[in-house]
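The values are calculated or read from the model by the stated rules, or taken from the named source; none is laboratory data. Every value quoted in this text rests on a predicted model; they were computed, and no experiment measured them. Counting neighbours? That spans all protein chains shown, and the Cβs are built from the backbone with ideal geometry, glycine included. Each accessible area value is taken on the protein alone, full model and side chains, heavy atoms only, with ligands, DNA and RNA left out. Shrake-Rupley method; radii C 1.70, N 1.55, O 1.52, S 1.80 Å.
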Amino acid sequence: MTESIHQTPAQEPAGYDPAAIERKWQDRWEERGTNHTDLAAGARPFYALMMFPYPSAEGLHVGNLFAFTGNDIYGRFQRLQGHTVFEPLGFDAFGIHSENFALKVGTHPADLIPRNIDNFRRQLKRAGLMVDWRHELSTTDPAYYKWTQWLFLQLYKRGLAYKRRAAVNWCPNDKTVLANEQVIAGECERCGAKVEQRFLEQWFFRITDYAGRLLDNLSWLDWSESTKQAQRNWIGRSDGAEVAFRVQDLEEFTGTATIASGASGEFVSEPLDIRVFTTRPDTIFGATYLVLAPEHPLVDAVTTDEQREAIAEYKRASAAQDLVSRKVSKEKTGVFTGSFAVNPATGHPIPIWIADYVLMEYGTGAIMAVPGHDERDFEFAKLFDLPIVRVVAGPSTQPADSSPVLDEPFLETDNVRLMNSGEFNGLGVMTAKQRIVDWLAQHGHARGVVNYRLHDWCISRQRYWGPPIPIIYCEKCGTVPVPESDLPVELPYVEDFKPDDTGTSPLARVESWYRVTCPSCGGVGRRETDVSDTFLDSAWYFLRYPSTDYDDVPFDRELTKRWLPVNSYIGGNEHAVLHLLYSRFITMVLHDAGQVGFEEPYRKFRAHGMIIREGAKMSKSRGNVVNPDEYVDRWGADTFRTYLMFLGPYEEGGDFRDQSIAGVRRFLDRLWSSVIEATTSGSPDPLVVRKLHQTIRKVSDDVPALSYNTAIAAMMECINVIRRGERTAHRAEVEPLVQLIAPFAPHVAEELWERLGHRESVFDAGWPVFDPALAAEDLATIVVQVNGKMRGTVQVPSGSGQDVALEAAMADSGIAKFAVGTPKKVIFVPGRLLNIVV
RNA sequence: GCCCGGGUGGCGAAACGGGUAGACGCGAGGGACUUAAAAUCCCUUUCCCGCAAGGGAGUCCCAGUUCGAGUCUGGGCCCGGGCACCA
C-alpha cells in the first residue's frame, strides 16, 4: 500500500500540467523576487553573463535559447552551491541590422525596437531564466549610450581616438563603411554586395597599441581554446625584421636651408631608403628585387621619367579596383619603376617594382622579393623574368637539394641550411635569421621588429541608428570633444533616415541638429554626424548591468569592484574575434585610465555550439527554423530546456530533432509520478540510494564542466533504477533528485519541491550532499583478459587485490581454458581489469 | 594554402590521466497489464557464423608504440567552421 504525499485529482492521473505550473512559478518568482539579486549584500558574488541578443523582429531564435539556457543552468547551479548569482540580460539594439529591417518594413527603428524588445522579453520570461529583469538594459537607451559616448571621450582624452582619411570598405548596398572584420571574401557580411574602396575621414581607435597585451594575456585566460586561437590568429603576430634598402643614385632633397649642416643656403640631401618588413631575413641574399605597394608614398620619388607614365597608369588602375577584387584576384601584375636599390647583404643593385600583391596596410607596404623561397615572389619573377637565386638548400646531400635552378619555390625551413649566402652558408634557418639581422644591424641596415596583422578599429558609421560620436568641429578651435556634462548627444528622431551615397550619415541632412555653438569658444560649430559602431555599444555592457540604477556614473566603483570581472561568460564563437577582442581592449583602456581595477573583463569564457537541423544551419531560406514558442506551448519550457541541453555536448551544439523531445518529456513525467507517489513508510532501498549518490556525484561534476547532456543521462539512469519493476519510490530517494534537476527544469522542480512540503524556493535549498560511503559498490566487476583479449568478467569484493582476482578468474572455466600454462606476466588494474599474458 | 573543431549502431550520442566500445535517449521488434488505447513495466536491437553453448570481426583508412588503442605517435582521406596575395 503506498501512501501518497499529496492528493492529485482523480481525473488527472499524471497531474503534470506544464503550462499551469510554469505560469504559476513565473508569477510567484516575480511576486517573491526570487530572481532578484541583492547586489550590495550578497555573499560570494557570482556574475554569470551571457551574450545579450540583438532583438530581431523575427523573435527569439532557438540558438538564443540554447545559449541562454546553458548559462542559466550554470548560474542556477552556482546559486544552489551557495553563491549570490547575478544573471542579467539586455538588448543590443542599435545597428545596421535593425535599421535595414526598419527601412524594409517602413517603420522607424525607434518605434520598431521597443516592440521587438517586448516580444523578446516575453519569450525569454517564458523560458524561465533566472534573470534579474530590474537590471535590463538596451544600448539604444540614451541613459545607456550617454556612457558609450563618455567612453569615446575617455579614449579621445588618452589619444586613443583619432581621425584620419583612409581607404575603407564601402558597401554600395548598405551605403556604409564596413570594418575589415565585416567583409567576408570581399563581400558585405550582411547583404553580400561586392565591397568597394573609398576614401573617407574616419574615427579610429588605437587598438594596435594594445596588440601585444591582447595577445600575451591570452596565455593565462581561462577561455575556450578555440576562441583564444582565433584571437591569436586575428592579432597575427609576426616576428621578423625591418630592412632598409638604399635606392641607387637617388637622393631626397629635403629642401631645407640650414645653418647646422654647413654653409647657409646649402641644400641638404639625404639618401633615400626603402624599408621593408620580412619574416625571412635569413633569405636576404636571395632578394633579387623590391616591390612597393602602388599607394606607397615613395613610388613617385623612385619612378624614372621613362617609367612615369606606365607607373601612373598602374596606380590609377589599382585605385579604381575595390579592395576586394584586388585581394580576390591572385594574378600577378606590376610595373618596373626604372630605379634600383642596393641589396645590403650582397651589395648588388636590384630593381624596384610596384605591384598590387603588396598591401600598403601591412608591414611597411614594401617587400624584398625572394623568388626562390616565396610562392608569390616566384610567380611574379617567372612572369616578369626576374632572377631567381636559391639561398636555402634541402636537407640531403643529393645534388638536387642544392641545385641553383628551382622549378618551384623551396619553402622548407626545417632541417635545411643556407647556401649562396657568403659567411652564413651552412647555417640553419633560425640561427641564420638572428645572425643576419645582427650583422645588418651593425651596419645600420636592419632591426628586429614585431609586426601585427591587427589594424586600428574604425568606429565611424555613416548611418543613422547608432550613438552620435560626441565631437564638434569648430571653425576656430577645430575638433572639440563634447563636454561630459553635455552628454548624451541624443540621436534625433528623423523621419528620413535612409542612407545616401554621399559617404555621410543621414544626420548630415539635419541641419537643425548638427548646427551648434562651439562649447569652447561659442562660435559656429558643426556636430560630427557619423555614429559609432555597434561593437562599441557591446564592448562595455557587462560593466553597466550592476549599475543600471546609477545616472551619474557609467558604473559604480563599489559595485564594479564587487562584481567584476565577470565570473563566467558564455556566448557564441561567431564573436570570438570582434566583440571579445574589442571588449578586452576597452577594459584595458579603462584599467589604464584608473577606472577599473582589472584589465581582463571575463575570468572564464566558454563558447557554446550551434544548433543545426537535419544537418544544416537553420535559416529562413531553408525553412528549417524552429520557433521556440511552438515547442514551449506543446511541451513546456522545462522539457524544451532540458531537451536542448540533452541533444549534444553544449560546447559542440547538436542536431535538433522533434522526435527526441518526447523522450525528455517522458523523463520529466516519470520523475513527476515518482515524486507524487513517493512513500514515507519503510526505508529507502540501499541499492537505490547508492545509485542516487552516484548520480549526485556525476551531476555535480558534469554541470560545472558544461557537460549537460551526460548529467541529464545520469539523472535518467537514476530514475530508471528508482522505478525498476514498477516499484514505488521512497521520498528520500527522489527528494535530492528534484534538487538535481532544478537548474534544468526549474518550474517542475519548484512545484515538486513545494509538494514535498517545502516552503522556500528549491533554489534557496542548497545542493544535495554527496556521500562517498553511500555511493560505494561492494562488488567490483573485473574484466579478465588473456593476452589482451577479453575472455570474461569476475565479481570480487571491492578493494580486492591481484591474488583474489586471479584466483577468481582461474576458477572460471570459460576463462581458464584460454589461460593455459604458467602466466608470463599478469597486469592488474585494481577494480577494473586483469590481464593474463601466457 | 594556414588555423581550429570533428569522423563511433538505423539516428542524436556515451566512454575518468590508454583498461568490458555503444551508457542515456530516439526509432524499431516482442511481451506483461487493459474490454481497448494511453501511460507504465519487462525483454531484444553493431555486424558475421551457429539451433544453441560459443566463436570471430568492429570506433574513416594505413602503419607504429603497448600486455592492452576510439583514446597515444607518424602518414593519408573526408566533413564543419574561421582566416587568407599578411611578406
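Observations on the structure shown:
- Yes/no for residue A:740 being at pLDDT 85 or above and within 43 Å of the chain's Cα centre (by Cα): yes
- Verdict on residue A:808 being touching a strand residue (DSSP E or B) at 6+ places or on another chain (Cβ under 7 Å), surrounded by fewer than 20 Cβ atoms within 10 Å (Cβ to Cβ) and over 30 Å from residue A:36 (Cβ atoms): yes
- Residues of the stretch A:447-476 classified as in contact with a Phe, Trp or Tyr (Cβ under 7 Å, 6 or more places away or on another chain), among the aromatic types (Phe, Trp, Tyr) and open to solvent by 10 Å² or more (accessible area, probe 1.4 Å), total: 1
- Of the numbered criteria (1) within 11 Å of RNA strand B (Cβ to nearest atom); (2) in contact (Cβ under 8 Å) with a residue 12 or more places away in the chain; (3) open to solvent by 80 Å² or more (accessible area, probe 1.4 Å), the one residue A:817 fails is (2).
- Test set (1) out of contact with any Phe, Trp or Tyr (no Cβ under 8 Å at 6 or more places or on another chain); (2) assigned to a loop (DSSP other than H, G, I, E, B); (3) within 12 Å of RNA strand B (Cβ to nearest atom) - residue A:706 fails condition number: (1)
- Here A:379, A:408 are screened, and the one residue that is open to solvent by 90 Å² or more (accessible area, probe 1.4 Å) and within 14 Å of RNA strand B (Cβ to nearest atom) is A:408.
- Failed condition for residue A:118, given (1) touching a residue at least 24 places away in the same chain (Cβ under 8 Å); (2) assigned to a helix (DSSP H, G or I): (1)
- Among the residues of the stretch A:414-446, those that are outside any helix (DSSP H, G or I) and either open to solvent by less than 30 Å² (accessible area, probe 1.4 Å) or touching a strand residue (DSSP E or B) at 6+ places or on another chain (Cβ under 6 Å) (or both) comprise A:416, A:417, A:418, A:419, A:421, A:425, A:426, A:427, A:428, A:445, A:446.
- Residue A:574 being free of Cβ contacts under 8 Å to residues at least 40 places away in the same chain and either at negative phi or under 31 Å from the mean Cα position of the chain (by Cα) (or both): yes
- Any hit, the stretch A:763-779, residues being within 14 Å of RNA strand B (Cβ to nearest atom), closer than 30 Å to residue A:670 by Cα, more than 43 Å from the chain's Cα centre (by Cα) and part of a strand (DSSP E or B): yes
- Subset of the stretch A:150-177 [among the aromatic types (Phe, Trp, Tyr) and farther than 15 Å from residue A:479 by Cα]: A:150, A:170
- Checking every residue in the stretch A:136-145 against the condition of being modelled with pLDDT under 85 and within 24 Å of the chain's Cα centre (by Cα) gives zero matches.
- Checked against (1) more than 24 Å from the chain's Cα centre (by Cα); (2) open to solvent by less than 30 Å² (accessible area, probe 1.4 Å); (3) among the β-branched types (Val, Ile, Thr), residue A:517 meets all criteria but (2).
- Contact map, the stretch A:721-735: first residue touching a residue at least 60 places away in the same chain (Cβ under 8 Å), second residue charged (D, E, K, R) and surrounded by fewer than 20 Cβ atoms within 10 Å (Cβ to Cβ), Cβ cut-off under 9 Å, separation 6 or more or different chains; pairs are A:728/A:677.
- Residue match in the stretch A:273-287 (condition: more than 16 Å from RNA strand B (Cβ to nearest atom), within 20 Å of residue A:240 (Cβ to Cβ) and open to solvent by 50 Å² or more (accessible area, probe 1.4 Å)): yes
- Scan of the stretch A:709-726 for residues that are open to solvent by 10 Å² or more (accessible area, probe 1.4 Å) and more than 8 Å from RNA strand B (Cβ to nearest atom), ordered by number: A:721
- Pairing residues of the stretch A:676-688 that are under 24 Å from residue A:17 (Cβ atoms) and assigned to a helix (DSSP H, G or I) with residues that are open to solvent by 40 Å² or more (accessible area, probe 1.4 Å) and of a type in the set (S, T, N, Q), at Cβ distances under 8 Å and at least 6 apart in sequence or on separate chains, gives A:676/A:4; A:676/A:8; A:677/A:2; A:677/A:4; A:677/A:728.
- Residue list for the stretch A:342-364, restricted to those being near RNA strand B (Cβ under 8 Å from one of its atoms) and out of contact with any Leu (no Cβ under 7 Å at 6 or more places or on another chain): A:355, A:356, A:357, A:359, A:360, A:361, A:362, A:363, A:364
- Checked against the criterion of being within 15 Å of RNA strand B (Cβ to nearest atom) and surrounded by fewer than 16 Cβ atoms within 10 Å (Cβ to Cβ), the candidates A:788, A:757 yield just one match: A:788.
- Scanning the stretch A:37-76 for residues that are surrounded by fewer than 15 Cβ atoms within 10 Å (Cβ to Cβ) and either over 16 Å from residue A:88 (Cβ atoms) or at pLDDT 95 or above (or both) yields A:41, A:43, A:44, A:58.
- Residue within the stretch A:681-700 that is within 13 Å of RNA strand B (Cβ to nearest atom), surrounded by 18 or more Cβ atoms within 10 Å (Cβ to Cβ) and under 31 Å from the mean Cα position of the chain (by Cα) present: yes
- Qualifying residue in the stretch A:137-150 (condition: outside any helix (DSSP H, G or I), touching a residue at least 12 places away in the same chain (Cβ under 8 Å) and buried (at least 23 other Cβ atoms within 10 Å of the Cβ)): yes
- In the stretch A:326-339, residue modelled with the highest pLDDT [restricted to those that are open to solvent by 30 Å² or more (accessible area, probe 1.4 Å) and within 15 Å of RNA strand B (Cβ to nearest atom)]: A:333
- Residues of the stretch A:356-372 include at least one that is over 24 Å from residue A:313 (Cβ atoms) and in a helix (DSSP H, G or I).
- Scanning the stretch A:736-754 for residues that are touching a Pro at 6+ places or on another chain (Cβ under 8 Å) and open to solvent by 10 Å² or more (accessible area, probe 1.4 Å) turns up A:736, A:739.
- Among the criteria (1) more than 30 Å from residue A:496 (Cβ to Cβ); (2) within 26 Å of the chain's Cα centre (by Cα); (3) not basic (Lys, Arg), the one residue A:128 does not fulfil is (2).
- Within the stretch A:210-225, the set of residues being in a helix (DSSP H, G or I) and either open to solvent by less than 70 Å² (accessible area, probe 1.4 Å) or in the same structural domain as residue A:173 (by TED's automatic domain parsing) (or both) comprises A:210, A:211, A:212, A:214, A:215, A:217, A:218.
- You will find that of A:497, A:542, A:555, the residue that is in a loop (DSSP other than H, G, I, E, B) and modelled with pLDDT of 95 or more is A:555 and no other.
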